[in-house]
Structures are given as C-alpha cells and as structure tokens.
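What follows is a short report on a single structure.
Since every read-out is calculated from the coordinates, none of them should be taken as a lab result. Note that this is a predicted model, so its numbers are computed, not measured. Cβ atoms come from the backbone with ideal geometry, glycine included; neighbour counts cover every protein chain shown.
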Amino acid sequence: MVVVKRPCSSCLGEIQMRVILATVLAALAASPVHAFQLDRETESRIDAVFAEYDRTTGPGCALGIVSDGRLVFDRGYGIGHLDHSIPLRSSSVFYLASVSKQFTAASVLIAAHEGFLSLDDEVGKHLPEFQDYGTPVTVRNLVHHTSGVRDYLTLMSLAGIPFENILSDEDMLGLIVRQTELNFDPGAEYLYSNSGYVMLAEIVKRATGRSLREYADEKIFRPLGMMDTHFHDDRVHVVTDRVLSYDERDEGGWATNYLMNFDKVGDGGLYSTIEDLARWDSAFYEDVFGIADFADKMYRRGVLVGGDTINYARGLGVGVRRGLPRVAHGGGMMAFRTMLARYPVQRTTVITLCNQGSANSGALSAAVEDIVLEAAFLEDSPPIQTESGAEEGGADHLIVPQAVLETLAGAYASEELGSTWVLEASLGELILKHPGADSLNLTADSETEFSSSGLVLSFVREGDRAVAFVLQAGRVQNLRFDRVR
C-alpha cells in the first residue's frame, strides 16, 4: 500500500493537553458555577454579531447560550422556512450535520457500558462484510477517525452519485466495503472520515438489535427530555417545525438547498433544537446515564500507534482557545452550518445553528464566545487573517508537450468506485471529465502528476503510454483507476 504521510496538525503538546484536561476534570468535580445573567448591553453586542441575518426576507441563524445547565439566551435571526415565512426560534428543528457525531459516539459509549460491544472490537466482528485489510480496524479507530477507511461522501462525489438520490444503507455500506485499500494503516494517522460514523450507526444497530435512532432515543434523548430530537433515518418522516436551508442565487433571492431523500445517520442525520441541545449540556455535568466519568470518557482523545495523541476525542474536538479549555464540533451539509462550543471550566456553551450556506457558524460562535467570556479569557483574541499581497499573475505552470499529454489521454475505470473517468488532451491542456461534475482543466505538477480542485492524479506509465493513475482526493487516498481504452 502506498501511504501519503501527513503531519499531525491536530496534535497539541502532550504536557499542555494533560494540564488542560486535569483542569477540566477538577472543574467538573468542583461545586457548580452559578448561571450568569446577560445584561442589555451584552445582549445588544450579541445581536450585532447577527445583524445581517436579523430580517424577514431570508434565512439566518438561531443562537443559544447555556450557563451552568440553564439556557440564558436564545434568539432567532431570520427565517426558517421561506415558503411560509416561518421565523427561526429556539424550538426550530435544524439538521445538525457533523455536530451529530458526538451523539453517535455517546451511543457507542453507552452500548459498550451495557456490554453490547467493546471499543477494541474489530469492525469485522459486527460487520462481517467489511474487508480484511491485513491489519485490524477497530471500533475505537472509527470513533477517532484513525481507521484509514475512505470517506463515503467523497466517494459518492467522485463516482458522480447525486446526493439527491435515494441511497439505501446497503448501497452506502457496499460502496465503503468495496474499497480494496485504506487511506493508511489503522491507527497510523488521523484523517476525518464520515464513513467511520455511518459504520458506527450500523454497528450499534447490529450489536443492540435497535437502530441508532431507537437506541439514542431510549438511552439519551428521553432521559434528557430532548423530545424534539431524533436521528432522521426515515426520509418520509414528518418533522414538526423543520427548518430548510438555502443558498443565495447569483441573480438575487434564494435557492432551496435541502436533500429530502438523504437519510444517512451516524456521521450526521440528527435533527434538534437550541432548547434540546441546551438539555444535552447537562449530561456533561450530571450523572444522567449511570456512567461514571461520562464527560471524561467523551473528552478522551485518540492515540496513534506511534504514541501521538490527537485532538479528536469522541465526536468532539478538544483544544484551547484564548487560554481556556474548549470542546467543540462544527458541521456543514446542504446549506446548514452548525457549531456547538463548550467551555467546561466556565460551564458555558454557545450553540449556533444556521440555515444559510454562506454563514460561517464557527466565526459567529467565536464572536459570541468573545463577548460572553470576555472577562475569563487569558489571551487576546487572535488577529484577523487577511489575504497576503501576492503578485499578479501567480506562479508559472509547467508546460507539458502535447505529445506527452496524448499518452495520458483515455478512459480510466475504478472498480472500487464503480465509475469511469475520461481524460482528453486539447490545445496543450489535460482535461478531466468525470460523472456528475463539470470538466476540470488539470495543472501539470510534473509530466506524470496533475492536479485541480483538491484532486491529484499520479500516472503509472508502461512503455509509451499511461496504463493507470492513482488519485489523492482529500479524505480518499490512493484510489487506483486503470485504463480501459
């Protein structure tokens, strides 16, 4: 297997992180911090962050601030359903995208506590159709994104499978298990992969005999009183107060960006509200599930085989912002943009749910965090990044002779992807055509390596022409296409 090594950019110094986690755990064990009240001036500053969304003519965001288990601020800015002019509010039901992952991880943790599975189980124990890659892939690897399993959403995009299609669980799993290689050896690296979490949903289903939706409802949502929250595994299920998401049209106005048929859960698929997510917060400070040190277990980060500890825990990113421990996860799917950020020591959480594709939920959350925790932060706010003054014209590109390009042109197929890509040599350029996407003009990095839009194609030559290329595509690595004509 060819492995493309990447630096562990998500790793912090181990001593620093141990101090951080010790501080968090000590704070959790200490007496409760009393919930604060926001004064009118502070509320006005928060409203100003969302001023562009505070309207009756377009989508926007809903915001919640939780202090010591109590929702102390909740407000909607903009419209949740443009067809009927329904405004956003704290009870509006959003698609959470990847914020869902922490609930999947919690379901796995509870299932392990009840003896249905172990984090050290090999995936094949629960999914016998899963490939044998020579080195075991464990449930723990899936949780921490250290499995090397290729991302199914990226595979769908590469294969030209429309997200609007009805995609059965069998077809989705079939796409994953058809892959004959991993991105890297299990545990060797961290690379975010949605495949791991949809597989965890299936593992929970097979291990407990209940779907993730049923299991999470029984074990998490009902105990916490999260009555407007569910994993959406039934595309025709009616959701009261459902929010749709929207993108801006170039010519003005709005276009609905909502996938009615998309019902995959685990990596996403959770529908919830500001009010219910505020209730979820209490699980990190109180013994709701009968699991000792639940918060500690959820905040426990993954460890690579080489000993490096990554910043990704169980559906949560663990780190530091402005000198304070922060646990957070964002999400984006369709035109939903979501963020849940918790400061465990201050027992303060900011929940930002947006239904506009251009909204930056992470930046909006950070702006609110800066206001609410202004007195607690130990470091100044990081400077705003601006674009560097690059010279006009950009870098020169390698020019590859037309005769060489013609030896690369042809049709190439991937059995793992179930797709054929066509390369054409035209007027000194190599043009990529693949299903479901616009044609791409590839940039030559060398006479055997070309790239564009996050794709890198490395050609394998035999004699006077290419016989294959190996694709690197972010969350999908080392995918081989063989020439078919």
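A Cβ distance below 6 Å, combined with a sequence gap of six or more or placement on separate chains, defines the contacts here; from region 320-336, residues that are over 25 Å from residue 244 (Cβ atoms) reach residues that are of a type in the set (Asp, Glu) and not in a strand (DSSP E or B) in the pairs 322/379; 323/379. Restricted to strands (runs of 3 or more DSSP E) entirely inside region 32-147, those with at least 1 residues that are surrounded by 23 or more Cβ atoms within 10 Å (Cβ to Cβ), on the phi < 0 side of the Ramachandran plot and of a type in the set (A, V, I, L, M, F, W, C) are 61-67, 79-81.
Could you please find all residues in region 191-214 being in contact with a helix residue (DSSP H, G or I) (Cβ under 7 Å, 6 or more places away or on another chain) and assigned to a loop (DSSP other than H, G, I, E, B)? Passing the criteria: only 211.
Which members of region 161-190 meet the condition of being part of a loop (DSSP other than H, G, I, E, B), touching a residue at least 40 places away in the same chain (Cβ under 8 Å), farther than 21 Å from residue 471 by Cα and of a type outside the set (Asp, Glu)?
163, 165, 166, 167, 187
If you go through region 296-345 and keep only what is part of a loop (DSSP other than H, G, I, E, B), buried (at least 20 other Cβ atoms within 10 Å of the Cβ) and of a type outside the set (Val, Ile, Thr), you end up with 299, 301, 302, 313, 314, 315, 316, 334, 335, 344. Scanning region 167-184 for residues that are of a type in the set (Ser, Thr, Tyr) and closer than 20 Å to residue 478 by Cβ yields one hit, 180. With the condition kept exactly as written, say whether any residue in region 195-205 is among the hydrophobic types (A, V, I, L, M, F, W, C), within 30 Å of residue 438 (Cβ to Cβ) and touching a residue at least 24 places away in the same chain (Cβ under 8 Å). Among the residues of region 195-205, at least one is among the hydrophobic types (A, V, I, L, M, F, W, C), within 30 Å of residue 438 (Cβ to Cβ) and touching a residue at least 24 places away in the same chain (Cβ under 8 Å), which makes the answer yes.
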